[in-house]
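The block underneath contains the structure these notes are about, expressed in structure tokens.
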């Protein structure tokens, strides 16, 4: 059963999805999705490719009509809510290439009926925050990919919305730009009090930024909680990653270790490394016994490491390792 | 392909083939009184000749040479200018009198010839005592065949009409001679008296105009129709790039986008018309009416431009990317252009008659009205009053097309889009 944190009272929810469903013929892209997103939080929305994230987001913002269910913004049906209340940074770059950065932002300011003076001030501050001031009068077609990404984000917030939807905003960004983006997202939350819905495939990003995270797959909600609670829910403890000198004995070792008390889960990592991943409580204390059992099967440990359970482990645990799309 | 074949095929058949020629006959003939066997009868040779034109068929076929359009003189002229007619035949008031003169002259000539022969042969005593010769008439009449002398269709129709008139005159003479000979029991003789004739009257304005002059307005309409694809591409680009989605999430109303699109393309249309006219003039285009005609032509061209923008909106509703829009734009604009009849005359496809005007299927296209109005103004030097009906219809048809375009674009593109992730 899906659990959601219950430490928020209903009146603090700024965005609610109620039984949201989207069907395309026989395909159910989003299946009865119910979520409550609190005002002022950063909400991580995770799922593999084709899980239904973008479809859900498009329904949230009004680009797509749900087959059934409702989207409420501050308790009001989305269609009745002011358009200014929500802003989206789409996954793709959605810019007018022939216009300058300033012109792109000004056009959108005008489209939201912002007074020209307000738009001007907002354009200046956003370009500064996203280090695009020097390119204010440069045509978008002349910008680098990273700069375009940052302008794409600026366009989502030019009208100062309460809710900002960032659909994979860090795609294609170098580490420096990504850190700048993270700072900007935190600024939106902490200084401007915005509610941010963030989808990303970078688990480190979701872990670092999100107050709460929902993981969906095949259009269904799998888990919804804080990153810490999620990591606890799928299993406490640490992850031991072990590589044997003879990979053909992985299966025998896995079978043998399953009986070790304290090992919660063990599986072979399906990549070229041929490593075995062991999730265990008190992993450090279990190491001697694990090595002893490996010796008993007449093979040797080539490499072994211990790390903390990560959001990626949670993600893979919930959604599996199979490729999508 | 079918429409291309239709356009080119109809052009060939109407120009030089054995298809019926669209003509109108304005019969002004007042008729004439003829005394036959001491009784006076009223004849109308104009009506008889009109009947002949209506019934005559191509040799060894059932195909009529002419399709007669029952229209007034003004309507006929207007249709002629719009190339809905190949020729307009005006039969003068004294046509019947000229026919009577021809008959009398033929009778006198034949009778005189017969008496002469009998005197020479020594048989004059056998002449009937009651023989009196009809009065010599001197009425001549000329049928006017009006049309665009640069048009192949007119040339073909005109030659057929001249030929028929000659035959008609010959038949009258032959019939008269047969009657005289029956009375005088004598074989006839030939006389060549030319009381009725025909003359070509070039359509106003076409005498000094070249084919280029005539077709320049059509080129303007063609250029305006090419805007269909450009408008559709413009809007499809917004849709494909996602910028339309961004705009839809803002406070922008459908009207803002569509009216904005309309305005920007109107500016383009005006520039395009001026540029085309400029180039045409530079290439030797001669138009009637001076600067006023140009201003009027630009304004009328603008209606065609708005019609093209409206069709572009409609097209954009059903295209998802620029390439699709460009391809569909050409696919639709070119056949529509042919259907305006700007380059080629089209076969009669009469829809009905209203306000004293016969409407063809093609008249439902605003560009047909625009092309006709432009031609009237630039080629024939007509004023606004002459083209008010064309302009009125063009505006109504354009407004209908714009509303349809806006409705479809709003419904399909400006609502929540139903596309999968």
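Every number here is computed from the coordinates shown, using simple stated rules; none is lab data. This structure is a prediction, so every number in the text was calculated from the model and none was measured. Virtual Cβ from ideal backbone geometry, glycine too; neighbours counted across all protein chains shown.
Relative to the 2.2 N^0.38 Å rule of thumb, the range A:102-259 has a C-alpha radius of gyration ratio of 1.43. Working from label points 7 Å from Cα in the Cα-to-Cβ sense, the residue A:113 to residue B:175 distance is 8.3 nm. Taken over the protein assembly as shown, the alpha-carbon convex hull comes to 241 cubic angstrom per residue. For residue A:298 paired with residue B:152, estimate the spin-label separation in nm (one decimal), with each label point 7 Å from Cα along the Cα-to-Cβ line. Using points 7 Å along Cα→Cβ, the separation is 9.8 nm.
At 25 °C and 0.890 mPa s, grab the translational diffusion coefficient of the range A:204-325 from Stokes-Einstein with a Kirkwood Rh over Cα pairs, rounded to a whole number in µm² per second.
158 µm²/s
When you work out D = kT/(6 pi eta Rh) for the range A:10-232 at 25 °C and 0.890 mPa s, using the Kirkwood radius from C-alpha pairs as Rh and the Stokes-Einstein form, the result is 138 µm²/s. A convex hull fitted to the Cα coordinates of the range A:54-133 yields 120 cubic angstrom per residue. Scaling against 2.2 N^0.38 Å puts the C-alpha radius of gyration of the range A:194-254 at 1.58.
Which FRET efficiency, nearest 0.05, do residue B:237 and residue A:74 yield, Cβ-Cβ r, R0 41 Å? Calculated value: 0.70. The mean count of C-beta atoms from other chains within 10 Å of the C-beta of residues in B:244-256, rounded to a whole number, is 6.
With the convex hull drawn over the C-alpha atoms of the range A:149-221, the volume per residue is 99 Å³.
If R0 is taken as 41 Å, the Cβ-Cβ distance between residue A:26 and residue A:186 corresponds to a FRET efficiency of 0.45.
For the ranges A:57-66, A:239-248, what's the packing order if you count other beta-carbon atoms within 10 Å of each residue, average per peptide, and put the highest first?
Final packing ranking: A:57-66, A:239-248.
Equivalent-ellipsoid semi-axes for the range A:1-121 (Cα gyration tensor, √(5λ), whole Å, largest first): 29, 19, 14.
On the principal axes of its alpha carbon atoms, the range A:236-308 extends 29, 25, 18 Å, with the longest extent given first. FRET efficiency for residue B:295 and residue B:40, Cβ-Cβ distance as r, R0 = 45 Å, nearest 0.05? That pair, residue B:295 with residue B:40, gives E of 0.15. Working from label points 7 Å from Cα in the Cα-to-Cβ sense, the residue A:137 to residue A:98 distance is 2.1 nm. Once the Cα atoms are used to define both axes, helix A:175-190 deviates from the longest principal axis of chain A by about 70 degrees.
Peptide packing: for A:16-26, A:105-115, the average count of neighbouring Cβ atoms within 10 Å per residue gives the ranking A:105-115, A:16-26, highest mean first. How large is log10 of I(q)/I(0) for the range B:211-413 at q = 0.11, 0.13, 0.16, 0.19 Å⁻¹ when the intensity is taken from the Debye formula with one equal scatterer per alpha-carbon? Treating every Cα as an identical point scatterer, log10 I(q)/I(0) equals -0.52, -0.70, -1.00, -1.29.
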